[in-house]
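Engineer: Before I ask anything, let me first share the structure, which is written out below as structure tokens.
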Amino acid sequence: MENYKLPLGEYIELFFDWLVGVAAGFFDAISMSLEWLITSFTDVLLWLPPALFIALLAGFALWLHRSWGLLVFVVVSLLLIWNLGYWEEMMQTLSLVLFATVFCVLLALPLGIYAAHHPWMYTMLRPILDLMQTVPPFVYLIPTLTLFGLGVVPGLISTIIFAIAAPVRLTYLGISAVPKELVEAGQSFGATHRQLLWRIELPAAASSIAAGITQCIMLSLSMVVIAALVGADGLGKPVVRALNTVDIASGFEAGLAIVLLAIVLDRLFKQPEAVK
């Protein structure tokens, strides 16, 4: 069979070589723009004194969830990360995760809503989403590295590709699960399609959409270490460095910082009534 092997990989490589040749300026412009946005946002986060940032985030957690336990956990977690010396790396990771989540939500919500209203669209999307969730994340780094070069941008693009499937699916499921009686009641009162969406469907699907956003954040954080392999800054870098030097102490501390940040973000972005 090897003598009759299809040159599929060679065709893919030729396609990317052609793409880089004809659109190198376009990809360079995207890379520089995204890198400037992420770097600028990270600089703003780092400009804030750590104590002030912790106070602001703790106050936001208390206002949003009315939970003193969550407030204590946020404060203790961030103080520990600061004490371990990973504050700057945490801010770089937070910036990457927030940007990836924003891009995912901006793309996933319209796709999920449209697919819920047009079943043929979800029929087309489903195998693509399955592929995006099944392909190993390392595979995404190869084409993004070719198109965008080293740095935070290929890490961001790979993270978006890896994480976007969850909010698309959960948005679709949430909108599809809206009781027909509610929609029919809105139609009987003369509501337009836009009014049905904003006043009935989205509020009814809010819990499912929120779960999709939370999953997107967790999946984005799971890409932190992988993104560090292509030059993305953040908590992934000390993990990779510790792996290369077999430094158990540094690897454990950086891994703990990632876990604490993940739990803090998960608790913050859950629906208020879901947080105990």
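Engineer: Hey, could you check region 223-274 for residues that are among the β-branched types (Val, Ile, Thr) and more than 21 Å from the chain's Cα centre (by Cα) and say which is modelled with the lowest pLDDT?
Structural biologist: 246
Engineer: Continuing with this model, one more query. I'm told residue 180 meets every condition in (1) surrounded by 16 or more Cβ atoms within 10 Å (Cβ to Cβ); (2) without any contact (Cβ under 8 Å) to a residue 40 or more places away in the chain except one. Can you identify the failing condition by its number?
Structural biologist: Going through (1) surrounded by 16 or more Cβ atoms within 10 Å (Cβ to Cβ); (2) without any contact (Cβ under 8 Å) to a residue 40 or more places away in the chain one by one, residue 180 breaks only (1).
Engineer: Hey, can you tell me all the residues within region 9-54 that are at pLDDT 90 or above and either over 25 Å from the mean Cα position of the chain (by Cα) or basic (Lys, Arg) (or both)?
Structural biologist: The answer is 49, 51, 52.
Engineer: Can you tell me which residue in region 59-73 is farthest from residue 262 (Cα to Cα), limited to those that are out of contact with any Phe, Trp or Tyr (no Cβ under 9 Å at 6 or more places or on another chain) and surrounded by 18 or more Cβ atoms within 10 Å (Cβ to Cβ)?
Structural biologist: By that ranking, first place goes to 65.
Engineer: If you scan region 87-97, which residues turn out to be more than 11 Å from the chain's Cα centre (by Cα) and either without any contact (Cβ under 8 Å) to a residue 12 or more places away in the chain or open to solvent by 10 Å² or more (accessible area, probe 1.4 Å) (or both)?
Structural biologist: 87, 88, 89, 92
Engineer: Could you give me the residue pairs with C-beta distances under 7 Å whose first residue belongs to region 31-56 and is closer than 21 Å to residue 72 by Cβ and among the β-branched types (Val, Ile, Thr), whose second residue is open to solvent by less than 60 Å² (accessible area, probe 1.4 Å) and part of a helix (DSSP H, G or I) wherever it lies, and which are 6+ apart or on separate chains?
Structural biologist: 54/75; 54/78
Engineer: If only one of 103, 138 is touching a residue at least 24 places away in the same chain (Cβ under 8 Å), surrounded by fewer than 17 Cβ atoms within 10 Å (Cβ to Cβ), closer than 22 Å to residue 220 by Cβ and not hydroxyl-bearing (Ser, Thr, Tyr), which one is it?
Structural biologist: Matching residue, one of 103, 138: 138.
Engineer: Turning to a different aspect of this structure: Determine the pairs where a residue that is within 13 Å of residue 172 (Cβ to Cβ) and open to solvent by less than 90 Å² (accessible area, probe 1.4 Å), located within region 120-133, has a partner that is part of a helix (DSSP H, G or I) and among the small types (Gly, Ala, Ser) with Cβ atoms under 7 Å apart, the partner being 6 or more residues away or on another chain.
Structural biologist: 121/115; 122/115; 125/115; 129/165
Engineer: Output the number of the condition that residue 42 fails; it satisfies all remaining conditions of (1) in contact with a helix residue (DSSP H, G or I) (Cβ under 9 Å, 6 or more places away or on another chain); (2) open to solvent by 80 Å² or more (accessible area, probe 1.4 Å).
Structural biologist: (2)
Engineer: Now for a separate question. I'm checking my understanding of the structure. Among residues of region 74-86 that are touching a residue at least 60 places away in the same chain (Cβ under 8 Å) and among the hydrophobic types (A, V, I, L, M, F, W, C), which one is surrounded by the most Cβ atoms within 10 Å (Cβ to Cβ)?
Structural biologist: Looking at the filtered set, the residue picked out is 81.
Engineer: I would also like to ask the following. Here's a check for you: in region 187-221, which residue that is open to solvent by less than 10 Å² (accessible area, probe 1.4 Å) and among the small types (Gly, Ala, Ser) is nearest to the chain's Cα centre (by Cα)?
Structural biologist: Among residues in region 187-221 that are open to solvent by less than 10 Å² (accessible area, probe 1.4 Å) and among the small types (Gly, Ala, Ser), the one nearest to the chain's Cα centre (by Cα) is 220.
Engineer: A further question on this structure: So which residues in region 23-54 are in a helix (DSSP H, G or I), over 20 Å from residue 157 (Cα atoms) and hydrophobic (A, V, I, L, M, F, W, C)?
Structural biologist: Matches in region 23-54: 44, 45, 46, 47, 51, 52, 53, 54.
The values are calculated or read from the model by the stated rules, or taken from the named source; none is laboratory data. This is a predicted model, so every value here is computed, not measured. So basically every Cβ, Gly included, is an ideal-geometry build from the backbone, and we count neighbours across all protein chains shown. These area figures cover heavy atoms from the full protein model, side chains too; ligands, DNA and RNA do not enter into them. Shrake-Rupley method; radii C 1.70, N 1.55, O 1.52, S 1.80 Å.
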